[in-house]
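The values are calculated or read from the model by the stated rules, or taken from the named source; none is laboratory data. This structure is a prediction, so every number in the text was calculated from the model and none was measured. Glycine gets a Cβ as well: all are built from the backbone with ideal geometry, and neighbour counts include every protein chain shown. When the accessible area is computed, the model is the full protein with side chains, heavy atoms only, and any ligands, DNA or RNA have been set aside. Shrake-Rupley method; radii C 1.70, N 1.55, O 1.52, S 1.80 Å.
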Amino acid sequence: MDAQFAAMMLLLVGAWLCLQQRPNQQRPDEETQTEWRGESAARFAAGLLLLCAAAAELFQLPPAATLLLQQLSLYAALPLLIIVLGAQALGYQWSRMIWGRVLLALCVVFELCRRNNQLDALLITIAAAAVIALLLALWKMSAVRAWLAAQLMMACGALAWISASQNLLEPLLFWLSMTSISVMPIWAERLKQSELG
């Protein structure tokens with residue numbers, strides 16, 4: 001897959017995340033604005049990091065800036081999305097402050113792994129955590145949606161595994177597939193809400 005195409009797809013996914021999870025959303029039939037939940041704030045932050053990484057690739061920023069933003073997206077935003085998915089599947093409702101601390105902890109884990117040359121092991125761990133979080137999320141979905149989501153997730157997961165096993169020749173491809181995996185349950189949730197509403 002071309003890196004420019006992957007960056008464009010990441011840009012679209014990041015923009016969608018930021019739009020769907022933005023603060024103070026108000027539905028047309030409601031008069032009051034809803035409170036910005038912690039998981040929405042975490043997804044919004046991950047979407048912003050994703051947008052920055054995609055923009056750095058598209059606009060060809062200096063290599064040091066591109067590398068920094070790419071690493072932020074791979075080792076902070078992606079695990080944040082996966083932890084949000086797992087926590088939501090388990091029924092945990094954490095505040096925005098806790099999600100901010102989770103993001104800081106992910107940055108610390110990244111730095112420790114970077115200093116010990118264990119970033120490849122960290123990515124494999126992230127992929128394994130994504131599979132576990134997805135299984136939990138699929139368990140909460142209805143049968144038909146779960147089957148469709150499972151098929152899409154298996155395809156993206158295979159792409160991510162191939163990228164990870166080839167020493168990440170294209171990190172944006174890995175990010176795209178793993179982000180798609182993390183975002184699919186949100187799409188399924190939105191579809192379910194639109195059918196009920």
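Would you mind giving the three semi-axes, in whole Å and largest first, of the ellipsoid equivalent to the stretch 88-140 according to its Cα gyration tensor? The partial results should precede the final answer.
On the way: eigenvalues 115, 63, 3 Å².
Square roots of five times the eigenvalues give 24, 18, 4 Å.
Need one value: the accessible area of R22 in square angstrom, 1.4 angstrom probe, rounded to the nearest 10.
That residue has around 100 Å² of solvent-accessible surface.
With a sphere of radius 15 Å drawn around the Cβ of A121, what net charge do the other residues whose Cβ falls strictly inside it have (Lys, Arg +1; Asp, Glu -1)?
Numbers: positive: R114, R115; negative: E111, D120.
Net of charged neighbours comes to 0.
With N set to the number of residues, divide the alpha-carbon radius of gyration of the stretch 52-133 by 2.2 N^0.38 Å and report two decimals. It would help to have the intermediate numbers written out before the result.
Working: Rg = 13.9 Å, N = 82, 2.2 N^0.38 = 11.7 Å.
Working it through for the stretch 52-133, the quotient is 1.18.
Just to compare against my own numbers: the Cα pair-distance distribution for the stretch 39-78, 5 Å bins, whole % per bin, please.
6, 30, 30, 19, 10, 4, 1
Could you sort 126-135, 72-81, 96-105 so that the peptide with the highest average Cβ count within 10 Å comes first and the rest follow in order? Mind dumping the intermediate values first?
On the way: 126-135: 18.0, 72-81: 24.2, 96-105: 15.5.
Highest-to-lowest ranking by the protection proxy: 72-81, 126-135, 96-105.
Assuming R0 = 25 Å, what is the FRET efficiency of I98 and W16, from their Cβ-Cβ distance, to the nearest 0.05?
Working: r = 24 Å, r/R0 = 0.98.
For R0 = 25 Å, the calculated efficiency reads 0.55.
Calculate, in nm to one decimal, what A65 and D120 gain on full extension: separation in residues at 0.36 nm each, minus their alpha carbon distance.
Numbers: separation 55, 0.36 × 55 = 19.80 nm, distance 2.06 nm.
Net length gain for the segment: 17.7 nm.
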